[in-house]
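**Q** Just dropping this structure here.
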Amino acid sequence: MAPTRLPTKTHITDRPTSNQTDTPTKKPVTPAPTHQSNEFPITDRPTNQPTSEPSNETTPLTDTVNKISFVAFGDIPYTKDQRYCLNKQLRQLDQEQMGFKFMAHVGDIKWGKTLCYESSFSDISEIFTHPSNALNYDARDCFFVPGDNEFQDCQDVDQAWRWWMQYFGNGNITKTGIGSNENGFGTLSDPDISVDYQSLRLENGFYPTSAGNFAFFTDDVLFMGIHQVGGGTVGDESTRVHRNYQWVEQNMARRHAEGMRFAHASIRSKRRQYFGNPFMRLLREKYPDISVLYIHGDGHNFHTYQPDTKNPNLACLEVDGGEEADPLLISVVHDTAADKIGFDIDIRGGYYYSGCQTGNTDKTWSS
């Protein structure tokens, strides 16, 4: 059945985030309005929170065909209670019933104020693969991009990156001895889709920071993930962030297609010089006719916005902090009447106004 949209219309605004990387905000966030923008076709499903002017009128999307769906979330788990919340969220994800192809966690798997140990990485890996959680999804369809809390905020950045690669990165080349992700995250259970990674392990056993960047093409949509962390300057922006841009540029040259970009941080601030500006210029000058949705976390505040006033086909989506709302179900849709690509954002249960009521307090990790 085709999804429905409320017949209201608002424009996507470019409002800044709070960039609260260390701790998510506890202040209730007003749900984003259900809207349909003629400038960029994104629809947000209404929350279950009543509004001052409720309306039961809906407009069926009779001319819309769903191309592919996926789940997106991030900035979780920071604490033990949030690990229980993640238990709950994962157990509610039914890949067959919901019809999603994969899920993407957009970074920050731990709190930035705590030290980084190997268990900081292995525990979260175990939560996603634990049989009590992975009831109705395939762990090979789980993709991750790093956040600053598990990278630059660690006491030893190089060691932290080795642990991240060991437990989350380059899963599709594990059997060759080049990658080390034993869980096969990011390999995809569909044998007809191949996943490419930007860099392999170096001869000295270290991984370049671009090694976690991935790309795959399916259903006429190009999906890419990049190592784009939030927080302050790391010091490697001219290399790591620039390589992110090169990865995007390279894959877009191969596949002139609508696309999704997954990253932890936005294209602004410290990422603007080496990624944001050249990326927006690339889209304007070479691919003005394709629609791109850039999905990120870091600010813990769900909203959509357009970062480039000169390009109505580029939109950004910031996900809520993971303990504050359900993971999003996002669909790439084709409006056959207008022959345009759009994105349908289902916020599912929406914001947890009473907190994440879990009931799943069983320990699904080892440490």
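**Q** Roughly speaking, what is the centre-to-centre gap between the stretch 74-92 and the stretch 289-367 when only Cα atoms are used, to the nearest Å?
**A** Answer, in whole Å: 17.
**Q** Extending each Cα 7 Å along its Cβ direction at residue 339 and residue 253, get the distance between those two points in nm, one decimal.
**A** If labels sit at residue 339 and residue 253, their model points lie 2.9 nm apart.
**Q** Run the simple label-point estimate for residue 309 and residue 96 please: 7 Å along Cα→C-beta, distance reported in nm.
**A** 5.1 nm
**Q** What ³J(HN,Hα) values, in whole Hz, does the Karplus curve 6.51 cos²θ - 1.76 cosθ + 1.60 give for the stretch 98-110 when θ = phi - 60°, with x put for Gly and Pro?
**A** Taking θ as phi minus 60°, the curve returns 7, x, 9, 7, 7, 10, 10, 9, 9, x, 6, 9, 8 Hz for the stretch 98-110.
**Q** Greater than 32 Å separation of Cα atoms is the criterion. Which listed pairs, 67/286; 80/340; 113/270; 67/88; 110/270; 88/310, meet it?
**A** 80/340; 88/310
**Q** In addition: Using alpha carbons only, what's the Rg to Rh ratio of the stretch 184-317 with Rh from Kirkwood?
**A** 0.95
**Q** Roughly speaking, what % of Cα-Cα pairs in the stretch 327-367 are separated by over 15 Å, rounded to a whole number? Could the numbers behind the result be given before it?
**A** Values: 542 of 820 pairs.
For the stretch 327-367, the fraction of Cα-Cα distances above 15 Å is 66 percent.
**Q** Simple spin-label model, 7 Å along Cα-to-Cβ: residue 63 to residue 352 in nm?
**A** 4.1 nm
**Q** Hey, got a sec? Which trypsin sites (Lys or Arg not before Pro) in the stretch 75-148 land in a DSSP loop and have at most 16 other Cβ atoms within 10 Å? Spell out each step's value before the answer.
**A** Working: sites: 80, 83, 88, 91, 101, 110, 113, 140; in loops: 101, 110, 113.
When the trypsin sites (Lys or Arg not before Pro) of the stretch 75-148 are filtered for loop state and at most 16 Cβ neighbours within 10 Å, 113 remain.
**Q** For the modelled label position 7 Å from the Cα of residue 189 along Cα-to-Cβ, which residues of the stretch 116-134 have backbone nitrogen atoms closer than 16 Å?
**A** Once the point is set 7 Å along Cα→Cβ of residue 189, 128-134 turn out to lie under 16 Å by backbone N, inside the stretch 116-134.
**Q** I would also like to ask the following. What do you get when you divide the Cα radius of gyration of the stretch 106-167 by 2.2 N^0.38 Å, with N the number of residues? Can you show the working numbers first?
**A** Numbers: Rg = 12.0 Å, N = 62, 2.2 N^0.38 = 10.6 Å.
Rg over 2.2 N^0.38 Å, computed on Cα atoms: 1.14.
**Q** Please state the relative contact order of the stretch 72-160 as a whole percent: Cα pairs under 8 Å, 6+ residues apart? Working shown, then result.
**A** Working: 123 pairs, mean separation 33.4, N = 89.
Averaging sequence separation for qualifying contacts and normalising by length gives 38 percent for the stretch 72-160.
Each reported figure results from applying straightforward, stated rules to the coordinates on display, with no laboratory input. Fair warning: this is a prediction, and the values are worked out from it, not measured in the lab. Glycine also receives a Cβ, built like all others from the backbone with ideal geometry; neighbour counts cover every protein chain displayed.
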